[in-house]
1. In the set 55, 82, which member is buried (at least 24 other Cβ atoms within 10 Å of the Cβ), touching a strand residue (DSSP E or B) at 6+ places or on another chain (Cβ under 6 Å) and without any contact (Cβ under 8 Å) to a residue 60 or more places away in the chain?
2. Does any residue of the stretch 105-125 turn out to be closer than 11 Å to residue 190 by Cβ and not in a loop (DSSP other than H, G, I, E, B)?
3. Of the residues 168, 144, 154, only one is without any contact (Cβ under 8 Å) to a residue 60 or more places away in the chain and under 24 Å from residue 106 (Cβ atoms); which?
4. Quick test for you: out of 190, 143, pick the one residue that is modelled with pLDDT of 95 or more and part of a loop (DSSP other than H, G, I, E, B).
5. Taking residue 36 as meeting all but one of (1) surrounded by fewer than 19 Cβ atoms within 10 Å (Cβ to Cβ); (2) in contact with a strand residue (DSSP E or B) (Cβ under 7 Å, 6 or more places away or on another chain); (3) within 23 Å of residue 211 (Cα to Cα), write down the number of the exception.
6. Any chance you could count how many residues in the stretch 168-180 are within 23 Å of residue 118 (Cβ to Cβ) and surrounded by 23 or more Cβ atoms within 10 Å (Cβ to Cβ)?
7. Here is a list of conditions, (1) modelled with pLDDT under 95; (2) more than 17 Å from the chain's Cα centre (by Cα); (3) crowded, with 19+ Cβ neighbours inside 10 Å, and residue 70 meets all of them except one; can you say which number that is?
8. Of all residues being in contact with a helix residue (DSSP H, G or I) (Cβ under 7 Å, 6 or more places away or on another chain) and not in a helix (DSSP H, G or I) in the stretch 69-95, which is farthest from residue 138 (Cα to Cα)? Just the residue, please.
């Protein structure tokens, strides 16, 4: 099981910025202002992610989402750096367009297709926590339902049956929709990488982290990252 910690150390988040990103400042505000940690922006043409402790690939329309969502962003210099960072065990979280970029880059399996009904959906949704055994969900309980907003036209998670069975067997489904607004297979809203250090999800926890927005359920995800980081420092001492 992923460890939690009775104290939280400080950590630094890096938020990637692509031409067309529109949730980068949301992620920065959630981690720096609401969470109280350090956060900085990482430009798309950077060849390194720097000395950050977690990389966030935010939502938006990277490079205008021409061709397919995330299909151009995967060739950016920063994504080569993110792939190396993840391969070395670094924490990476992608939300909405960030999830699409992570699948296009091969950091996560499957693909995000056009919503069932072919409509853009923007509203709060219920999410059931499928596993608490990850750096991103350790402050949640398995089965706990949280509310995050979605805002996407291509959020239907698709993978072949073998991949879906693998995700189930390896406890790599992070969140499931309670009402499945987009037709995602097996109600999947978010998944983990094989090493469990990469998370991709279509809903926006960063938009559910401030009391002024009427919901702070998203903070538990970010608090999980900090708790995992603190516990990791403890075990390495």
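The values are calculated or read from the model by the stated rules, or taken from the named source; none is laboratory data. Model, not experiment: these values are computed from the prediction. Don't worry about glycine lacking a Cβ; one is built from the backbone with ideal geometry, like all the others, and counts go over all protein chains shown.
1. 55
2. Scanning the stretch 105-125 turns up no residue that is closer than 11 Å to residue 190 by Cβ and not in a loop (DSSP other than H, G, I, E, B).
3. None of the others qualify; the one that does is 168.
4. Checking each option against the conditions leaves just 143.
5. Going through (1) surrounded by fewer than 19 Cβ atoms within 10 Å (Cβ to Cβ); (2) in contact with a strand residue (DSSP E or B) (Cβ under 7 Å, 6 or more places away or on another chain); (3) within 23 Å of residue 211 (Cα to Cα) one by one, residue 36 breaks only (2).
6. 1
7. For residue 70, the failing item is (2).
8. Checked the stretch 69-95; the qualifying residue farthest from residue 138 (Cα to Cα) is 72.
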